[in-house]
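Nothing in this text is a laboratory measurement; each read-out follows from the coordinates by a stated rule. The shown structure was predicted, so the numbers you read here are calculated from the model rather than taken from an experiment. Here the Cβ positions follow ideal geometry from the backbone for every residue, glycine too, while neighbour counts run over all protein chains shown.
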């Protein structure tokens, strides 16, 4: 196992960018802590964590799924159960990492609390923008009505 292996976290600005790009994210649960990860990083994370930290069973949950049940589970670095669509997306890379000398790519994870905080900020901004737009629309309607009343005399 490599001593230099460190899991890096996305910065707040990088997380905002991922949200803006509408990246497909998953919760990664190792039984102790939960972070978020991009879909394309799943194979590299499975192999890296199991080879560099310690062998462990991982669970992945789709953030876009309201039902909180794993869409992928591992037994060490090998798939245990997987949603067929997700499996198809990651299997080629995962098998390559498991069966060749190909080194896993570095990957970053997202702190779940930071993500939730940014999402809350975005929702608040969206609500404020909608309120401003409604207020502006009401003022325009009021001005329009005032002009009509003034033009009748």
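What are the semi-axes of the equivalent ellipsoid of the chain, taken as the square roots of 5 times the eigenvalues of the Cα gyration tensor, listed largest first and rounded to whole Å?
On the way: eigenvalues 465, 48, 33 Å².
Over the Cα atoms of the chain, the ellipsoid semi-axes are 48, 16, 13 Å.
Measure nothing fancy, just the Cα-based angle from helix 112-152's long axis to the longest principal axis of the chain, in degrees from 0 to 90, nearest 10.
20
Give me 68, 75, 10 sorted ascending by neighbouring Cβ count inside 10 Å, so fewest comes first.
Numbers: 68 8, 75 13, 10 20.
By the 10 Å Cβ count, ascending, the order reads 68, 75, 10.
What spacing in nm lies between the two simple spin-label points modelled at residue 113 and residue 66, each 7 Å away from Cα in the Cβ direction?
Modelled inter-label distance: 2.9 nm.
By average Cβ neighbour count within 10 Å, what is the ranking of 37-45, 131-139, 88-96 from highest down?
My ranking of the peptides, most packed first, is 37-45, 88-96, 131-139.
Suppose only helical runs count, i.e. DSSP H with n ≥ 4. What mean residue ellipticity at 222 nm does that imply for the chain under -39500 (n - 2.57) per run, divided by all residues and rounded to the nearest 500 deg cm²/dmol?
Working: 4 runs with 77 residues, N = 153.
Using -39500 (n - 2.57) per qualifying helix, the result is -17000 deg cm²/dmol.
Once each part is reduced to its C-alpha centroid, what is the distance from the stretch 45-69 to the stretch 102-123 in angstrom?
Between the Cα centres of the stretch 45-69 and the stretch 102-123 lies a distance of 14 Å.
Return one number: the angle in degrees, 0 to 90 and rounded to the nearest 10, between the long axis of the Cα atoms of helix 84-99 and the longest principal axis of the Cα atoms of the chain.
It works out to around 40 degrees.
Output the 0 to 90 degree angle, nearest 10, between the alpha-carbon long axis of helix 42-52 and the longest principal axis computed from the alpha carbons of the chain.
40
Can you sort 77, 8 by how many other beta carbons sit within 10 Å, fewest first?
Numbers: 77 19, 8 9.
Least crowded to most crowded, the residues run 8, 77.
May I ask you to sort 74, 106 by Cβ crowding, counting other Cβ atoms within 10 Å and putting the fewest first? Mind dumping the intermediate values first?
Values: 74 25, 106 12.
Fewest-to-most ranking of 74, 106: 106, 74.
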